[in-house]
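Q: Here you go, one structure.
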Amino acid sequence: MSVRWPRVLTPTLLSQILKKQKNPVTALKLLDEAKERFPSYGHNGSVYATMISILGKSNRVLEMKYVIERMKEDSCECKDTVFASAIRTFSRAGKLDDAISLFKSLHEFNCVNWTLSFETLLQEMVKESELE
């Protein structure tokens, strides 16, 4: 995992570094390493969205849950599309309960609009015939 780190790290640069990784686990390690290498650096919602997208596309559900939890702890402003994507990933991985749990906990995140997340959850529940 050799990455050429910049002298000053910004969220935009880190997102670019993460997207270039072929292995999602390597990208996750770099996400963690960034805070160690740059103590004054802080992730933002965009960096978390990038990492969640990378993990979701590769069906790394456990790791995705870890990143979502970290995002909540950091109180980063995040977009509804991030949660909708995570809900879809959980559902398609056979973890509809995790999707429902995430939706129920959205009030704990720094996210004001949950419309897309709600629509996505309803669609996934209908697909799974869980909507009664």
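Derivation of every value follows stated rules applied to the coordinates shown; laboratory data play no part. Worth saying up front: this structure is predicted, and the values here are computed from it rather than measured. So basically every Cβ, Gly included, is an ideal-geometry build from the backbone, and we count neighbours across all protein chains shown.
Q: Let's test the formula: R0 of 25 Å, r as the Cβ-Cβ distance of N110 and N23. What FRET efficiency results, to the nearest 0.05?
A: On the way: r = 29 Å, r/R0 = 1.18.
The formula returns an efficiency of 0.25 here.
Q: Same structure again: Can you tell which of S15, G56, L96 lies farthest toward the positive end of the dipole of the chain, using +1 and -1 charges on the Cβ of basic and acidic side chains (Lys, Arg; Asp, Glu)?
A: It is S15.
Q: Kindly rank 106-115, 8-17 from highest to lowest mean number of other beta carbons found within 10 Å of each residue.
A: Working: 106-115: 13.3, 8-17: 16.0.
Result, highest mean first: 8-17, 106-115.
Q: Related question: Only Cα pairs under 8 Å and at least 6 apart count here; give the relative contact order of the stretch 11-127 as a rounded whole percent. Display every interim value, and only then the final one.
A: Values: 131 pairs, mean separation 25.5, N = 117.
It comes to 22 percent, rounded to a whole number.
Q: In whole Å, what is the distance between the alpha-carbon centres of the stretch 74-98 and the stretch 24-39?
A: After rounding, the separation between the Cα centres reads 21 Å.
Q: Sticking with this one: Suppose every K and R has +1 on its Cβ and every D and E has -1 on its Cβ; what is the size of the dipole of the chain about the Cα centre, in Debye to the nearest 20? If you can, show how the numbers build up before the last one.
A: Values: 19 positive and 17 negative charges, 178 e Å.
The dipole magnitude comes to about 860 debye.
Q: Would you kindly state how much longer the chain becomes between E77 and Q123 on full extension, computed as 0.36 nm times their sequence separation minus their alpha carbon distance, in nm to one decimal?
A: Working: separation 46, 0.36 × 46 = 16.56 nm, distance 2.51 nm.
The E77-Q123 span can extend by a further 14.1 nm.
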